[in-house]
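In what follows, a structure is listed as structure tokens, so that the remarks can point back to it.
The values are calculated or read from the model by the stated rules, or taken from the named source; none is laboratory data. Model, not experiment: these values are computed from the prediction. With ideal geometry, Cβ positions are generated from the backbone for all residues, glycine too; neighbour counts draw on all protein chains shown.
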Amino acid sequence: MGDWTGLVAAGALTLGFLTGPAVRAATYPVDDMATLPGRSTVTMKWRTAGPTPGDGNMLDGATAVTMILNTAPWIGRTGRVYMKLDETPAGPVQVEWTTQGRLLAGFLTPGVRALVYAGPIRARQLTDTLFVHVHADGRRLSAEQQLHFKFEIDVD
């Protein structure tokens, strides 16, 4: 299990990529133990200097992560790899990312899967750098929070 973490408590947000159990018969967990976090803690900052209508309570943070997904079990097959964020007690958290092009850029909220790759699995590893941005409501954060990400593959 890969583990990169960041914290949210009017200051930080803990991020962690973890492998989870299979969800459906054709869905399997993807090992991300080799993932290399840029930082284990993401420092969160207020979006605006003072309360304003709309975004005044939002915290933002960013980090880069070198994703290394073990796709060896599915070489020669076609599949779709998804990233999933577990529910968090911090309330609604939004995560968005861009990539260097091997994986798909996207947007994620807790409990939802986001497609990061679709196509033939030709290599033992799927690797890319994700530039991750985290957004959270500062009113809902009372202590450091940890976010848990998982990767799953649906194979054809």
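Descriptive notes on the structure:
- Within region 83-107, considering residues that are within 13 Å of residue 152 (Cβ to Cβ) and assigned to a strand (DSSP E or B), the one modelled with the lowest pLDDT: 85
- Among residues of region 26-79 being touching a Leu at 6+ places or on another chain (Cβ under 6 Å) and at pLDDT 90 or above, the one that is farthest from residue 139 (Cα to Cα) is 71.
- Test result for residue 80, assigned to a loop (DSSP other than H, G, I, E, B), on the phi < 0 side of the Ramachandran plot and of a type in the set (Lys, Arg): no
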